[in-house]
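Let me begin by presenting the structure, written as structure tokens, before commenting on it.
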Amino acid sequence: MSERERTWRAARELARALAQQVAARRAEALWLRDYPAAEPGDVGRVVVGVARDGLHRSVAVVNDLGALCTITLELRRQGGSTWRSFRGDQAGCERAATEIAQELSPVVSDDDDVGSVSDGSDGSDGSDGSDGSDDGDDGDGSDVAAPAPGLLDAGYAMLDGLDQHLAVPGGRWQLTLWGQAPPASGASISLVGGPHAWEHLVQVTADHAGVSVRVPGASMGTADLVQRAETVTALADALPGLLSGVRAAVDGRAMFRARGLTALGLAQHLCAALREHDELTNVFAQGGLDDGFPRRWPKAEVVQRQSAGSVPLVALEERPASASTDASGPTSAQGLAPCVVISIDGHEVKVCPAQAPERAHPLDELMPDLLARARRRAARLTPLHLEVDQRYEVLAPFGGCQPGQALRFLGRHADLRGDLLEYRFATLDGDGAQLTLVDGPDRHVLDELHRYLARAGR
């Protein structure tokens, strides 16, 4: 038996022990559902739940984390959910399971029926058919409404629905829990692997009154689909629409990625031209085909990599062809083929699909001017271009230095807190005094360093 198989079996045995203890106290059937790790690095989980109100309600999760295990419990009461979480070794988790089982509900009386544990997940687990009203018992015999659905209910209901009804080639669905301290608690479901990978595609949040599930819009500029559920029945009724929304979002983003003109594509074309005509081997394009979809149009940039960091040369931003954008994002972008705005040192040019003649690249006519501007930008001295022991000539007065004076760059140094970066120089005439430029107070010099210093021979 492999180590992975051993830890997974241990997690499942622990979950079963927890479920058996809970079943003995709640006098109702519980189920176990396996979510084994699909790939190396994944976290396997066993979910303990109870079939109530037409939905498999999750009450606890046991994580398989190798040498350590984690038990996460969500207690739903009137007024909100309470979380309990324990992480430790196998023996510690076994002790915690007993304590957690005691928290789930009071011990039933001797004449109550004892519950059972099922390994199935199809609902045929011997549920006693209760409508959940026992969760609302306030201890004095009065009836109150059943607690609202919890985060685990919504998260795993969505995960199961996606696994069953929305298979994506090369990808798999993965749920992540975060927070565990309402109102910050939440869960997200990501599409992992394959060409359609999408992190945190589905967002689930919970508060005292219920859960909210958020799915991105299906085209650029469309609003997110947000479904609120304050009862378990409402959550079950909302699932088909939410699953349809996820399918539409995945399909919509695939169509968006197939558009002809992209900021990243133009950035890569510019990089190739710079390398070919200017022999700038250290220029690279960075960005994404669908970064920000569907809320923000993608951006890209061409950067020149130096030992101390990357210097931006060209900024590219997609915008809808017949709609303006502002800082808040697109205004009316549905169905529009985007244009790309290219910016170099404040000079902007807009490239749209209809501008390019058939079989010509959109940048062919603009390339000579763009290359000249990018070349001048790459040759401009910035703080990231400074080289230790290199000599620089002063072009304009600053910090007590005069034009024509020679300096040697000593290096970069951070202050004790790491907040401010210092650039230290030594004069090469007179007494060799040191000069320091500090990122912050001397930002006006550093931002326009090419106006104050020029590289000189060693």
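The values are calculated or read from the model by the stated rules, or taken from the named source; none is laboratory data. Predicted, not measured: the structure shown is a model, and the values here were computed from it. For neighbour counting, all protein chains shown are included, and Cβ atoms are generated from backbone atoms with ideal geometry for every residue, glycine included.
Here are some notes:
- Selection status of LEU381, hydrophobic (A, V, I, L, M, F, W, C), surrounded by 12 or more Cβ atoms within 10 Å (Cβ to Cβ) and at pLDDT 90 or above: yes
- Looking only at region 435-458, and only at residues there that are over 26 Å from ASP345 (Cα atoms) and surrounded by 12 or more Cβ atoms within 10 Å (Cβ to Cβ), the one that is farthest from the chain's Cα centre (by Cα): LEU435
- Candidates ALA308, ALA327 - the one that is modelled with pLDDT under 90 and more than 25 Å from the chain's Cα centre (by Cα): ALA308
- Region 248-274, subset touching a helix residue (DSSP H, G or I) at 6+ places or on another chain (Cβ under 8 Å) and part of a helix (DSSP H, G or I), residue nearest to CYS352 (Cα to Cα): LEU270
- Residue in region 218-232 that is assigned by TED's automatic domain parsing to the domain that holds LEU159, surrounded by fewer than 20 Cβ atoms within 10 Å (Cβ to Cβ) and in contact with a Phe, Trp or Tyr (Cβ under 9 Å, 6 or more places away or on another chain) present: yes
- Some residue of region 147-165 being of a type in the set (Phe, Trp, Tyr), in a helix (DSSP H, G or I) and modelled with pLDDT of 55 or more: yes
- Residue in region 100-117 that is under 34 Å from the mean Cα position of the chain (by Cα), farther than 22 Å from PRO149 by Cα and modelled with pLDDT of 65 or more present: no
- Test: CYS339 is more than 17 Å from ALA308 (Cβ to Cβ), at pLDDT 90 or above and surrounded by 14 or more Cβ atoms within 10 Å (Cβ to Cβ): yes
- Selected residue (only one of ALA414, ALA406 is within 14 Å of ALA308 (Cβ to Cβ) and aliphatic (A, V, I, L, M)): ALA414
- Counted residues, region 355-403 - those being free of Cβ contacts under 8 Å to residues at least 60 places away in the same chain and over 16 Å from VAL311 (Cβ atoms): 23
- Restricting attention to region 439-453, the residues that are at pLDDT below 90 and either at positive phi or in a strand (DSSP E or B) (or both) add up to 1.
- Scanning region 277-284 for residues that are part of a strand (DSSP E or B) and modelled with pLDDT under 95 turns up at least one hit.
- So ARG253, is it crowded, with 21+ Cβ neighbours inside 10 Å, among the basic types (Lys, Arg) and either in contact (Cβ under 8 Å) with a residue 12 or more places away in the chain or not assigned by TED's automatic domain parsing to the domain that holds PRO362 (or both): yes
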